[in-house]
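First comes the structure, then the notes that go with it.
Read-outs throughout are calculated quantities, based only on the coordinates presented, and are distinct from any laboratory measurement. In this text, all values refer to a predicted model and were calculated from it rather than measured experimentally. Reconstructed Cβ throughout: ideal geometry from the backbone, glycine too, with neighbour counts over all protein chains shown.
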Amino acid sequence: MWETFGFEFVNFYLIPGLVLGCIYALGAIGITLTFSILRFANFAHGEVMMIGGYFTWTAMVLSNDLFGIPLHPIIAAIPAVMLAIALFILVDRYFYKPFRSAPAIRVVMASFGMMLVIRSFVQAVWGPNQLTFVPGIAKPNELVKNLTASVDMMILVPNKHFWIIAGTIVIMLALSWLLTKTKIGKGMRAVSDSPELAKVSGIDVEVIVKATWCVGGFCAVAAGVFLAMDLQMLETTMGFRMLLPMFAAAILGGIGRPFGAVVGGLVIGLAEELSVYPWLGDGSLISPGYKTGVAFTIMVIMLVVRPSGLFKGRLF
Amino acid sequence: MSKLTALEITNLHAGYGETEILKGINISVEPSQTVAIIGPNGAGKSTVIKSVLGLLNVISGSISMNGVDIVGIAPDKAVRQGISYVPQTHNVFPNLSVTENLEMGAWTRKYGIAERIDEMFDLFPDLKTKRNKIAGSLSGGQRQMVAMAKALMVEAKIMLLDEPTAGLSPKFQAQIFKTVKKINENGIPILLVEQNAKQALEIADKGYVLVDGANKVEGTGQDLINDRNVARMFLGSKD
């Protein structure tokens, strides 16, 4: 059973689906928080993911060239996170805040403009061509391989995928702690529930907005770095290509529901990968070229059938 | 030195944008008083409270709290100044637990939060057993209690209540009025806007009848209950 069905299904479809789901989930967290707290769809979110990858790559190169110390991408992502948060806060202060009391479409357009600005900036600084993020062939994690082989269910999870899944689990636990145990996290949930009531309860909404950019920026860089680790390369449209599935994940989970976004991300990642599994006969169920259409289809169905998402999110 | 008026509204003109709803309102709340504002729909009752809180445009007139001018103050600053406000609707965070709602009410408080939460559970014993329940899952009456407890988490110098009994069963209405009285007895002045005029006037030291954005009648709660015109118009009396 494992030889004929399980091995291929788990190693070539399920694990890549989970990895993709983790990346979507991390990106969707920022999108759903921005949507519910600041009330707009931030089109620049994918670009912050992308620039986070470039910042990380730069930190890795600088460390190696200047000090001869090769850094793991997860370590090199630390300064990248700080830069991305600073970028988010600066952009908010000068480009989004002036539109705070205007109709939401203006700030959505501002974010669309910011998306193009960030991408052009990256193209100008790092060039328009692909960069190798991590060279070499991805080797399976020996520990997981040996452990699972001993029970005759050999799982070949590449080290990069192991780090992506483990990293996502750690970030989810930290996020859960932040949102349910800390004052600022509870404040974020309160503003997400009702910004008007938050104001008349004395909550400093601007502090919450900054915290939102910090959490969103952190998760965006994590998603960008994990994506770059998965693809092993960087290119300037990688964030934009993730935008639609991330919105689909946020809508599927329910706007304003960070844990919904995680579930949404995993569902969409898995659905995309599993849609090309040969469920009927020998060929893929759908052609891999249409994989991204799966996210779009789920998003449209969800908006028609249950616009509040799986976890009863906010309706606009 | 005589005690300062807890809230003094003088010749207030206010509204939404350019639309003037209040046309020269005068209201004063003395320390330790409960003051009720009654009147027909659209008289501008809730607008008075929203003006105090800086939620809409004050065109002219003055609003002062304990002698300090607070016209045009931002809502979060108003809370910091000690204004405790319970909106009529959407007055709890539905996806936060009861305790978390109270913690959010205490956002501006630096210390003594746990003690204050315990005090609130003493004041609203029904909430104690529901402390970990999500506020959105509670009944209307219980939600109203969460909203009042949340608003009282600040060091309140005055409490503004916007129709706290709207849509509640008679049992809960009576309970809310009883609690309002109790809060006032603890030394917090209260400005109450109410549709249930008779019950509101029964617990009020003073009442104002607003009609079409202007003061119509004022007097002690009992005077207004006994006023035949007021009784006929607002208290359901057949005389």
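Inside the range B:75-98, can you point out the residues that are over 22 Å from A:Ser36 (Cα atoms) and either facing another protein chain (nearest Cβ under 7 Å) or surrounded by fewer than 22 Cβ atoms within 10 Å (Cβ to Cβ) (or both)?
Kept after step one, since they are over 22 Å from A:Ser36 (Cα atoms), are these residues of the range B:75-98: B:77-86, B:88.
Listed by number, the residues that qualify are B:Lys77, B:Val79, B:Arg80, B:Gln81, B:Gly82, B:Tyr85, B:Gln88.
Answer yes if at least one residue in the range A:248-260 is surrounded by fewer than 24 Cβ atoms within 10 Å (Cβ to Cβ) and touching a helix residue (DSSP H, G or I) at 6+ places or on another chain (Cβ under 6 Å), and no otherwise. Break it down stepwise before answering.
So the first thing to find is which residues in the range A:248-260 are surrounded by fewer than 24 Cβ atoms within 10 Å (Cβ to Cβ), and the list is A:259.
Adding the requirement that they be touching a helix residue (DSSP H, G or I) at 6+ places or on another chain (Cβ under 6 Å) leaves none.
No: zero hits.
Of the residues A:Glu47, A:Glu3, only one is in a helix (DSSP H, G or I), acidic (Asp, Glu) and surrounded by fewer than 21 Cβ atoms within 10 Å (Cβ to Cβ); which?
A:Glu3
The conditions are (1) surrounded by fewer than 24 Cβ atoms within 10 Å (Cβ to Cβ); (2) under 19 Å from the mean Cα position of the chain (by Cα), and A:Asn42 fails exactly one of them. Which is it?
Unmet for A:Asn42, out of (1) surrounded by fewer than 24 Cβ atoms within 10 Å (Cβ to Cβ); (2) under 19 Å from the mean Cα position of the chain (by Cα): (1).
Any residue that is without any contact (Cβ under 8 Å) to a residue 60 or more places away in the chain, away from chain B (no Cβ under 14 Å) and under 12 Å from the mean Cα position of the chain (by Cα) - is there at least one of those in the range A:220-232? First the steps, then the outcome.
Here is the first cut: in the range A:220-232, the residues without any contact (Cβ under 8 Å) to a residue 60 or more places away in the chain are none.
Within the range A:220-232, not a single residue is without any contact (Cβ under 8 Å) to a residue 60 or more places away in the chain, away from chain B (no Cβ under 14 Å) and under 12 Å from the mean Cα position of the chain (by Cα).
Being of a type in the set (D, E, K, R) and free of Cβ contacts under 8 Å to residues at least 12 places away in the same chain is the filter here; which residues of the range A:159-203 pass it? Explain how you work it out, then say what you get.
The first filter runs over the range A:159-203 and keeps only residues of a type in the set (D, E, K, R), leaving A:160, A:181, A:183, A:186, A:189, A:193, A:196, A:199.
Scanning the range A:159-203 gives A:Lys181, A:Lys183, A:Lys186, A:Arg189, A:Glu196, A:Lys199.
Go over the candidates B:Met145, B:Met153 one by one and state the one that is part of a loop (DSSP other than H, G, I, E, B), aliphatic (A, V, I, L, M) and surrounded by 18 or more Cβ atoms within 10 Å (Cβ to Cβ). I'd like the intermediate steps shown before the answer.
Working: B:Met145 fails: part of a loop (DSSP other than H, G, I, E, B).
Sole residue among the options that is part of a loop (DSSP other than H, G, I, E, B), aliphatic (A, V, I, L, M) and surrounded by 18 or more Cβ atoms within 10 Å (Cβ to Cβ): B:Met153.
Search the range B:99-125 for residues being away from every other protein chain (no Cβ under 13 Å) and within 18 Å of B:Leu161 (Cβ to Cβ), and hand back the single one that is surrounded by the most Cβ atoms within 10 Å (Cβ to Cβ).
B:Met120
State which residue is nearest to A:Ser36 (Cα to Cα) when the search covers only the range A:144-194 and only residues that are within 14 Å of chain B (Cβ to nearest Cβ) and touching a Leu at 6+ places or on another chain (Cβ under 8 Å).
Of everything passing the filter in the range A:144-194, A:Ser192 is nearest to A:Ser36 (Cα to Cα).
Give the number of residues within the range B:60-91 that are free of Cβ contacts under 8 Å to residues at least 60 places away in the same chain and within 20 Å of B:Glu30 (Cα to Cα).
Total meeting the criteria: 9.
Can you tell me which residue among B:Ala166, B:Ala147, B:Ala135 is more than 10 Å from chain A (Cβ to nearest Cβ) and either more than 18 Å from the chain's Cα centre (by Cα) or touching a residue at least 60 places away in the same chain (Cβ under 8 Å) (or both)?
On the way: B:Ala147 fails: more than 10 Å from chain A (Cβ to nearest Cβ); B:Ala135 fails: more than 10 Å from chain A (Cβ to nearest Cβ).
Answer to the check: B:Ala166.
May I ask you to say which residue of B:Val71, B:Val58 is of a type in the set (A, V, I, L, M, F, W, C) and touching a His at 6+ places or on another chain (Cβ under 8 Å)?
Details: B:Val71 fails: touching a His at 6+ places or on another chain (Cβ under 8 Å).
That would be B:Val58, the only listed residue that is of a type in the set (A, V, I, L, M, F, W, C) and touching a His at 6+ places or on another chain (Cβ under 8 Å).
crowded, with 19+ Cβ neighbours inside 10 Å and touching a strand residue (DSSP E or B) at 6+ places or on another chain (Cβ under 7 Å): which single residue out of A:Val221, A:Val157 fits that description? Give the derivation first.
Values: A:Val221 fails: touching a strand residue (DSSP E or B) at 6+ places or on another chain (Cβ under 7 Å).
None of the others qualify; the one that does is A:Val157.
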